[in-house]
Structures are given as C-alpha cells and as structure tokens.
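Each remark here refers to the structure printed beneath this line.
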Amino acid sequence: MSLRGCSLLSWLPVVFICGVLAWAYYAYLLPLCVYTVTDTTEKVCYLISYHGSLAMLLWAFFQTVFTPLSRPSKEFSLCKAERQALEGDGGDDGGGAERGVDMQRELLRCSAHSLPLATCTESGAIRYCERCQLVKPDRCHHCSVCDSCVLKMDHHCPWVNNCVGYSNYKFFLLFLLYAALHCVLVTFTVLRYFLRFWTEGLADTQARFHILFLFLVAAMFSVSLLSLLGYHGWLLAINSTTLEAFRAPVFRGGDEAGDFSLGLVQNVRQVLGEDPRLWLLPIFTSVGDGQSFPTRRRDEATSRLLGPRHRHVGRTLAVPDDEEDDEEGEEHTVFVNPAACSSSSAVIFMQQEEP
Ligand SMILES: [Zn+2]
Ligand SMILES: [Zn+2]
C-alpha cells in the first residue's frame, strides 16, 4: 500500500487549497459582488466568468488528485525464477569476468527484443527497479513517496497528494491553466476595488478587508501559477518531464539514436490527445500506453522495438493484467553484477538455462 494513502497529513495541502478556494468564493460572491459592485451588468459578468473558471479549475484539480497511479504492466515484472536468482547470490555464476560481460551483452540484446525499451542507464544497462522488482519502461521512475514505479513520472506533487505522471499529466496541466486564469481574473476584477481601499472610496466595512486580502492572495497565486504554467508549457512543447529536464534520458544506441520530441504539434498531441476539441477538457485523451513512446528517428531498430510487442503492451494503461509473466515457456536465470549496481538499479544478466 502506498504511503500517501496512509497518512492523513499528506492530505493537508489538498485541504488547504480547498479552504482557500472556499474562502475566496465567499469573499468574491458576497463582499465583492453583492455588497460592493453596484452595476448589474458588471456583477453578472463577474459571476459568470468566476463560476466558469472555478468549475474548470475544480474539475481538473480533482482529476489530478484522484486519478490512480499508472504502474507498469506485469510484462515488466520479473518472473519467480528471476526474482529468486536476484535475491540469491547475484553474480556468483562461477564464470569469469569476460564471460560475465559477454553474458550481459547477450542478455541485454534479448531484453531489447522482449520489451519495448528505447532507453537505458548511463552505463548502457537495462533500467531496473529493485524495490518493485521490475524492468522500468521508458520514462518510468520509482516514487519513494508512493512507493511505486510510475509511468512517465513527472514529479510527486504534495499539493495534489499524488504523483504527476502519464495518467494525470494532462489534468495537472489544465489545473495549472485554469487556476492561473481564475487567479488572474480575480486579480483584475478586484483591482479596481482594491485601489478604492487606499483612496478611501470604499466603505469602511468588513467587506473591504476581504477585498484587500482577496486581491493579495489572487495576485500572489497568479504569479506563482503563471511561472509554473510557463515551465510546464515549455516541457510540453519539447516533450520532456521535470525529471528528464534534470537528467536527460539515455537512449540505447547513442544520443543520435532517439529523441522523444517529435515536433511541437506532435508533442502537444501526445499529452493533450489527437482531437483538439478535447484539449481543454480534463478528460483522459493522452496518446499511447505510457510504457513506450515514439522517438524522432524511427529507424529499423526503433521500429522493431515499437513493433508487435509494443501494440501488445499497449492494451493496458495502469492496471496490470493477470497474464503469467513467463515468456513462451523460456526459463531465465538472472544474475546481478554488483559492480554495476546502484541503490536503485541493477544490471540484469539473463541467460537461458542450458539443458
Ligand atoms: Zn519501483
Ligand atoms: Zn509519488
């Protein structure tokens, strides 16, 4: 079970956001629109735009919060024999170092054929999560807060008490967009009355303090949300994630072998979906399965990786299927090279057992 579901404290930021929105709703509705704004047309315009942007903000926000994590499918998990070999005496295969290197090359080649992997570790090994005991799909990372591998993980966001990844990145983007719009709208509509506060044109009532704080809070959130929106708009345009912006993915076959960026329009479509009419709605329309991604240069090697197996994996999004993960009756033995191990990853050597 993930940590985030167990801790009530982890929900505090979500409750805080809801609290701020609830207070702002009261302050905008009564102190501003009912008690302060006198012109009916202005009042109606304010109320319609406020409720419209608030509804979209809340829709995107709760979609981001409550969309389940997208985990790798069972095909990426190790079978029982492989796990046992990993937990056992890794690397003690009785062979020499040269044999180990050859074995590694051969087995990595085998892995490339069996799973749709275009990326690897910096040392060229298969990306593996010891905690989840699975081969990490491209762009998948382990979240220590959620204690799970998350597909196309962007970052863990405490404000939504959820991992932002393949399954909810579109919702997160739209949340930023509508939250920024909402705050900018409030800032500019309240500005006029905020200025009256200083020129003493506003009656000295409790309402004017709500208007004062409404402006300050909305302006503060506008600045931070617009900055964040700009950053994620840039990531969307170049088809990257927050994690990848800090550490670029390493492609098998070298830097020129691949790039997830397919050009601006295709990059946007990958996250927001193929149909532009649905781009601004917080419903899931992201392209693909979250486990493999097209690369810019789709030469023969890449096409092979994204071939029939890719389509097969594409059946599942987040929920692992119940298929056995033994592949076509082949027996594999797994060895771990301690020299190439890090705290979170290990090089896997897979060798077909000799008869
Ligand atoms: Zn993991
Ligand atoms: Zn997480």
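The values are calculated or read from the model by the stated rules, or taken from the named source; none is laboratory data. These numbers were taken from a predicted model, which means no experiment stands behind them. Methodologically, a virtual Cβ is constructed for each residue, glycine included, from the backbone with ideal geometry; neighbour enumeration extends over all protein chains shown.
Examine the range 120-139 for a residue that is surrounded by fewer than 24 Cβ atoms within 10 Å (Cβ to Cβ), among the hydrophobic types (A, V, I, L, M, F, W, C), closer than 25 Å to R269 by Cβ and within 16 Å of ligand 2 (Cβ to nearest atom), and state whether such a residue exists. So far as the range 120-139 goes, no, none of its residues is surrounded by fewer than 24 Cβ atoms within 10 Å (Cβ to Cβ), among the hydrophobic types (A, V, I, L, M, F, W, C), closer than 25 Å to R269 by Cβ and within 16 Å of ligand 2 (Cβ to nearest atom). Of all residues in the range 197-212, those being surrounded by 15 or more Cβ atoms within 10 Å (Cβ to Cβ) and assigned to a helix (DSSP H, G or I) number 6.
Across the range 27-50, the number of residues qualifying as surrounded by 13 or more Cβ atoms within 10 Å (Cβ to Cβ) and free of Cβ contacts under 8 Å to residues at least 12 places away in the same chain comes to 3. Taken as a whole, the structure places Y169 among residues that are at pLDDT 95 or above and either within 16 Å of ligand 1 (Cβ to nearest atom) or of a type outside the set (D, E) (or both).
Could you tell me which of the residues V14, V34 is modelled with pLDDT of 95 or more and not polar (S, T, N, Q)? Before you say what the answer is, go through the steps one by one.
Values: V34 fails: modelled with pLDDT of 95 or more.
Only one candidate passes the filter, namely V14.
The number of residues in the range 181-235 that are under 19 Å from Y35 (Cβ atoms) and under 28 Å from the mean Cα position of the chain (by Cα) comes to 2. When P72 is evaluated against the numbered criteria (1) at pLDDT 90 or above; (2) loosely packed, with under 12 Cβ neighbours inside 10 Å; (3) in contact with a strand residue (DSSP E or B) (Cβ under 9 Å, 6 or more places away or on another chain), which criterion, by number, is the only one it fails? Failed condition: (2). All conditions in (1) surrounded by 17 or more Cβ atoms within 10 Å (Cβ to Cβ); (2) touching a helix residue (DSSP H, G or I) at 6+ places or on another chain (Cβ under 6 Å) hold for L228, with the sole exception of (1). Say whether the condition of being touching a residue at least 60 places away in the same chain (Cβ under 8 Å) and either part of a helix (DSSP H, G or I) or within 17 Å of V37 (Cβ to Cβ) (or both) is met by at least one residue in the range 127-134. Scanning the range 127-134, I find no residue that is touching a residue at least 60 places away in the same chain (Cβ under 8 Å) and either part of a helix (DSSP H, G or I) or within 17 Å of V37 (Cβ to Cβ) (or both), so the answer is no.
Yes or no, residue by residue, for (1) modelled with pLDDT under 90; (2) more than 23 Å from C79 (Cβ to Cβ); (3) not in a strand (DSSP E or B):
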| site | (1), (2), (3) |
| --- | --- |
| A112 | yes, no, yes |
| P116 | yes, no, yes |
| G124 | yes, yes, yes |
| D138 | no, no, yes |
| H142 | no, no, no |
| C146 | no, yes, yes |
| K152 | no, yes, yes |
| W159 | no, yes, yes |
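Residue count for the range 140-182 under the criterion of being near ligand 2 (Cβ under 10 Å from one of its atoms) and small (G, A, S): the result is 3.
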